[in-house]
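Here's the structure, in structure tokens; my notes come after.
Bear in mind that the values in this text are calculations on the coordinates, not laboratory data. Everything numeric here is computed off the predicted structure, so don't read it as measured data. Using ideal geometry, Cβ is built from the backbone for each residue, glycine included, and neighbour counts are taken over all protein chains shown.
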């Protein structure tokens with residue numbers, strides 16, 4: 001990423017949860033559903049500075065990423081991890097399938113490097129948004145989307161086709177952090193805007209040049225939108241963020257945010 005990208009945020013930033021997005025079902029066209037919600041809410045999108053933030057759960061639901069744990073056969077490694085973490089061996093098996101390596105395993109803790117490259121607890125598998133157990137089966141869990149960057153690009157294309165406007169799109173999920181309590185929204189998919197904001201070369205209030213400041217731009221957007229989207233039963237999977245300034249980036253990927261494995265001091 002080049003240093004001067006014209007990224008900025010003024011003293012006012014607007015965050016609006018867009019109503020009318022239904023509970024997504026497997027096979028649904030998420031882009032179409034979101035466009036319909038925007039139209040019915042009479043949202044007039046702007047080509048400059050608008051970002052749509054979409055929770056990953058609705059993409060996972062559309063992709064039918066549900067898994068019935070009663071159908072999962074744990075491997076020997078999964079049983080060993082379950083003994084160390086006190087977790088369900090079937091859940092451990094799914095975590096292993098969704099991951100490239102285990103980072104930390106301890107009682108009630110299983111941190112892994114997800115197949116998408118980021119490090120997270122339990123490979124981002126969600127137990128709260130699965131299908132209700134029935135007929136003695138289950139419980140059901142929900143895996144992360146297969147390719148959040150591709151999903152973000154598809155939503156951006158759907159918005160362009162429907163409204164004739166290019167906006168940024170960020171796909172989010174909630175992650176914990178190793179040195180702080182509580183989860184925050186982070187970006188796991190991006191389209192149309194830079195993932196990083198390289199501020200090296202700018203000056204501080206004393207006129208000193210910034211030498212190391214690189215901001216996780218789309219993570220900041222995700223965390224802000226998370227306040228509006230909510231974490232429980234709010235049902236607000238789509239948030240419009242308005243008031244940013246950025247040069248469109250057609251090549252942005254969430255992998256731009258990932259620290260190279262060779263630099264991972266906690267691996």
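Odds and ends about this structure:
- Net length available on complete extension from residue 79 to residue 216 is 45.6 nm, with 0.36 nm assigned per residue and the Cα-Cα distance removed.
- Each of 144, 13, 96 has some number of other Cβ atoms within 10 Å of its Cβ, and from fewest to most they run 13, 96, 144.
- Footprinting exposure proxy ranking of 217, 246, fewest other C-beta atoms within 10 angstrom first, gives 246, 217.
- Residues within the reach of a label modelled at residue 180 (point 7 angstrom out along Cα to beta-carbon, backbone nitrogen below 20 Å), restricted to the range 215-259, are 215-232, 257-259.
- Taking a point 7 Å from the Cα of residue 266 along the Cα-to-Cβ direction, the residues of the range 82-120 with backbone N closer than 19 Å to it are 85, 99-120.
- Between residue 13 and residue 160, full extension at 0.36 nm per residue minus the direct alpha carbon distance yields a gain of 50.6 nm.
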